[in-house]
Every structure is written in structure tokens, then in C-alpha cells.
Amino acid sequence: MPKRNLYCQMSDYNQSLYKMLSLTDLERVSGRTQSSGRYDLHRITTLLHRLGNPHIKIPTVHVAGTKGKGSTAAMIASILSEQGYTTGLFTSPHLHTFRERIQLDGAPIHPSDFAELIEKLWPEILTMNAQASLGQVTTFELLTAMAFLHFYEKRADFQVVEVGLGGRLDSTNVVLPEVSVITSISLDHTRILGGTLRKIAAEKAGIIKPHTPVVTSPQRPDAMEILRKSAQAINAPFIIASDECNVTPVSHKLGSQLINISSTWSPSRLSIPLLGQHQIENATTALVTTKTLVEKGFDISHDSIARGFSKVTWPCRMEVLSEEPLFIADGAHNPYSAKILREAITKYIPSHGLIIVVGLSNDKNISGIVEEFAKGADLIIATKSRHPRAVSSLHLSRLFTQMGARVVATQSVDEAVKYAFSEAKARDLIVATGSLFVAAEARETILNISPETYDFP
């Protein structure tokens, strides 16, 4: 059947996806072909100008970082929604559908709204691409513009915007935020952002705006120095979240934890449905960001803060998918994240045995991640997600074997999950991790979720 006829048979939403993915999708290209030179703000600036600059018409919180930026953004958005602000949230990547990236008060954009936005923006895309003086518009740039226009058209009171990659040259770095936020920085995307922590910190610092407060999570000294100097150079108030309040764990249970806050400007205790010491750090950063907004004149009550934290949802971050046997999904895509996950498992979830289902992308520090996950695992199940950048499970299994781990290679995440269940004994823990795409596909298998696929004609 001719491709045109197949296209005509698609739903409006699938047609919109087909169009969007006909553009250059830098998220799906091999890391070996990516370079910093392909990231530029001129195209997104031009596109947004043609749309009337919706991105600067809504109060904004801009969030960058290596680890925790998505969780922190979700916490902030949840608090603002509970206060009664209509709140947009733009994040990446998605787990099961592109619609997850553009949310309004916690609900993904409706398929019809998504399709309408593509149709509205497509003539502008074609015009810009025909001129080609700035290069071709990318998929992420289109999504970014869609999010800003959607939030504006739906009359959002706030938008919380997560950086896609880096900060300085990220397409989201066109906003004029009320406050900038930088979560924990570690080595990741080194081929694009640089091979040292200082270089990566400099890219993250690129979101700091003149005279605009920036809230940062605790950082390693070399990263903190870069952030502090960047803020001082443009007279941006520099706020270290841990200096503003002391947050300590009180208790925890499967899927949630209770924390104590020693401050006069927030609730004294909060419940968050996210496990791990790193989530306490993220909560502290979100809390101090909220304080900064209040100091700028925005109304946010203690009750809204408490409800916002208690209702926040952020799947595949120490998410419990099954209790018998216990199965957790968590995207840990660099050595630091892997270490944090391993420590959290030991602290929060004592078990008789540990089975790790793991797959990785080819642009990551694979050997470093393998080294972390090989520690203490009784069985490694190497696998491969559907993502084009996924590493071969056979290659991954050989690396684990070299580390002395007991390992089995599988051809798909679905196969890996089913094999893990067949091998698990009473009180064993299964963790699907590494690439976020592996965690998402495990979630699909266990929760019977039908994902979007992008094998268009």
C-alpha cells in the first residue's frame, strides 16, 4: 500500500506524531553523531517570535540539573497546582507517550490538543525550514514551542519548565523565570556538555539570569564554585537550599517517607510518595524554591505545600510496580545515579536477594554504571530497550561477566521482566533500571500499558 494511503488512515494524533518525528530528533540519534554545535537558540527564538512569544507571558520556574530535576520540577508544579494556580509542566523524556511531556495540573495534553498544535505550528516550521538559514527545526524545539503555546492558550498561571539537556543552549533557555533552579550535578552527556564536572556545571549555569534568584541543591565544591561565580557575575541572588532549612527523615514505608523541616516558613512535617535520600534533597530544593516565590509576592500557603508534596507523582523513580515479588522501576543512567539507587535499596528495602534488570544507552558511561550495579546483585539480567540508542544486551552481559557478576542476556525488556519473575524467590527484590526507557518498558509489562511506537511508514 502506498505510504500516502497509510498516512491518510492514521488518526489525527498519529498524523501529528508522524509530522513531528519527520524532523531531526536529536534524542533518538546515536550519541556518537551528536555535537554541541547542533544545539542553538536561534531557531527556537525565531519560532517563538513568529508565535507571539508566548513563553515570556507566564510566570516561570526553570529547572536544570543532572539528577533530580524532573522530580523537583514535579514537586514544584504540584505545590502550585494545589495553591489553585493553573500550572503547566514541561518535562522530558517521556515514558509511554509524548503527551506526558506537556501537562496541565498533572494531566497530559489531550491528543486532539496535541494534534491541533502541530497543525497550527506546521506552516511556521515549513517556512523556517525552507529558508534554512538557521538550520532545520528539531523535534525538541517543536515540542518546546508547543508547550509554551499550549500553556498560554489555556491561560496557565504558572509554567514549570525542565531543561532537556545541559542548560545554556537548551531550547527551554529562552524563558525569563521568576526563579532558576539547579539540582544535583554529576557527569552525564559528556560528549555534548564536556568531560569534566566544571564544564558541565558551566552549561547548567547558563540558565541563570541577571538579577533573578537561583536556588541550587548541594553540589560538589568545583561545581558549586562555577555556579556561585556565574550568579555573582550577573547579580543573581544565589541560594543554597540546604542553607535555608534542615530537612531530616522521620520514617518511611514502601512507596513513601515522612520528613521533618526545621524552619519557620514551612510546614514542620511533610509526606512525600517518593523514596530515597536524594528525594529528600529534591524536596528541600523544591521547598526553598517555593519560599523564593513567596518572597517575590506569590501566595502559597503551608497547606498547599503539604498537599502538593503528598500528591506529587513521578513514575519510574523508585516506583513500586509489584509487591509479590517486590518489583521497583528506577531510571539510573549514570554512575552517580546508580550509586544512589544502590544505596537507597540497601537502606529502604532490605531483601533476601537482589535481581537487577538493566539496559543502557550508548551515550552513557557504561563501564561506570556496570561497576556500580555489579556490586551486591545476585543476578543481573542484561536487556535492551526499543530505543535506537540502546546498547546490545550481549555487549552489556560481557561487561558484567568481566566484573564477576552472574548475568543472563535477554532480547527485550518484556522477556527480561518475565524471566526475573520466574527466578525471584520469596522476599527477593527485582529492580528495572539503567536507561529510563528500560524502566518504562518494565512498567508497561507489569501494568499492562500500551506504549506509543514510532515505526511509521
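Does region 272-288 hold any residues that are of a type in the set (A, V, I, L, M) and over 25 Å from F298 (Cβ atoms), and which are they?
At the first step, the residues of region 272-288 found to be of a type in the set (A, V, I, L, M) are 272, 274-275, 280, 283, 286-288.
The one that is of a type in the set (A, V, I, L, M) and over 25 Å from F298 (Cβ atoms): L275.
Taking helices (runs of 4 or more DSSP H) as the structural unit, no element lying wholly within region 143-256 holds at least 2 residues that are among the β-branched types (V, I, T) and in contact with a Leu (Cβ under 7 Å, 6 or more places away or on another chain). Residue count for region 325-372, restricted to those that are within 22 Å of the chain's Cα centre (by Cα) and not β-branched (V, I, T): 25.
Output the residues belonging to region 401-438 that are part of a helix (DSSP H, G or I) and of a type outside the set (V, I, T). Q402, D414, E415, A416, K418, Y419, A420, F421, S422, E423, L436, F437, listed by residue number. Does region 71-101 hold any residues that are outside any loop (DSSP other than H, G, I, E, B) and surrounded by fewer than 24 Cβ atoms within 10 Å (Cβ to Cβ), and which are they? Scanning region 71-101 gives E82, F98, R99, E100, R101. When K418 is tested against (1) touching a helix residue (DSSP H, G or I) at 6+ places or on another chain (Cβ under 9 Å); (2) in contact (Cβ under 8 Å) with a residue 60 or more places away in the chain; (3) among the basic types (K, R), just one condition goes unmet, and that condition is (2). Filtering region 310-352 to residues that are assigned to a strand (DSSP E or B), in contact with a helix residue (DSSP H, G or I) (Cβ under 7 Å, 6 or more places away or on another chain) and buried (at least 19 other Cβ atoms within 10 Å of the Cβ) leaves L321, F327, A329.
Go over the candidates I240, I234 one by one and state the one that is surrounded by fewer than 14 Cβ atoms within 10 Å (Cβ to Cβ), in the same structural domain as S180 (by TED's automatic domain parsing) and at pLDDT 95 or above. First the steps, then the outcome.
On the way: I240 fails: surrounded by fewer than 14 Cβ atoms within 10 Å (Cβ to Cβ).
It is I234.
The values are calculated or read from the model by the stated rules, or taken from the named source; none is laboratory data. Keep in mind the model is a prediction, meaning the values are calculated, not measured. FYI the Cβ positions are ideal-geometry reconstructions off the backbone, even for glycines, and counts take in every protein chain you see.
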